[in-house]
Amino acid sequence: GGTFDVSILEISSNGVFRVVSTAGDSFLGGEDFDQSIIDWLVEGFRDEHDIDLRRDRMALQRLKDAAEKAKTELSTLEETEINLPFIISMGGNEALHLQRSLTRAELEEMTYDLIDRTIAICEHTLDEAGFDKSEIDDLILVGGMTRMPAVQRAVTDWLGKPP
């Protein structure tokens, strides 16, 4: 949810694991990708209706849930629909709805800076360990954000081998 960590392990011939280097960013994780989607939804709704959904706690929670779902769906789909009926009440029997399509390409574009931060941490960890990328035999990705194709591509491009 809220952190990104990298560890370089060395495995001896007798199967003993040794942590050579580890680093991370406690302010980088799946929630940051969710927040990018939330910001995109809020800005679009504000542009359309001149209403900031961040001021409504119930709407904000629904946005968080929808953003996480959309992010997850875009790991396997090229496009997803975000549909939040009755996102905010206008009083009486009136309410506004939020409905937008989000493509994987749009998500990747709005989160490229977050992906770049993951690669910077990988580079730092490798440097700290005193290893060259060519010395890494295997790459294991763990966690929800590693399912995002852009993350897999970025790591594969950086290391020169697939996870």
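Details
- Excluding ligands, DNA and RNA, the accessible surface per residue across the range 1-135 is 62 Å² with a 1.4 Å probe.
- Within the range 1-108, chymotrypsin sites (Phe, Trp or Tyr not before Pro) in DSSP loop having at most 14 other beta-carbon neighbours inside 10 Å: PHE27
- Largest GNM mean-square fluctuation across ASP132, ASP116, ASP39, computed for the chain with C-alpha springs under 10 Å, falls on ASP132.
- The chain, accessible surface, carbon-and-sulfur percent (1.4 angstrom probe): 48
- Looking at the range 67-97, the GluC sites (Glu not before Pro) that sit in a DSSP loop and have at most 16 other Cβ atoms within 10 Å of their own Cβ are GLU78.
- Choice from THR146, THR118, THR76 showing the highest fluctuation, given a GNM over the chain with Cα pairs closer than 10 Å: THR76
- Each residue of the range 83-98 was assigned a 3J(HN,Hα) from its phi angle through the Karplus curve 6.51 cos²θ - 1.76 cosθ + 1.60 (θ = phi - 60°); the sequence is 10, 10, x, 6, 5, 8, 7, 9, x, x, 9, 9, 8, 9, 10, 10 Hz, with glycine and proline shown as x.
- Prolate/oblate/rounded call for the chain, Cα gyration tensor, a/c under 1.5 rounded: prolate
- Solvent exposure, largest accessible area first (probe 1.4 Å, DNA, RNA and ligands not counted), of ARG104, ARG55, ARG117, ARG153: ARG55, ARG153, ARG117, ARG104
- Extended-chain gain in nm, criterion 0.36 nm per residue less alpha-carbon gap, SER26 and PHE131: 35.4 nm
- Per residue, the chain reaches -14500 deg cm²/dmol at 222 nm when only DSSP H runs of four or more residues are counted, each adding -39500 (n - 2.57).
The values are calculated or read from the model by the stated rules, or taken from the named source; none is laboratory data. Every value quoted in this text rests on a predicted model; they were computed, and no experiment measured them. Glycine also receives a Cβ, built like all others from the backbone with ideal geometry; neighbour counts cover every protein chain displayed. Please note that ligands, DNA and RNA were not included when accessible areas were found on the heavy atoms of the full protein model with its side chains. Shrake-Rupley method; radii C 1.70, N 1.55, O 1.52, S 1.80 Å.
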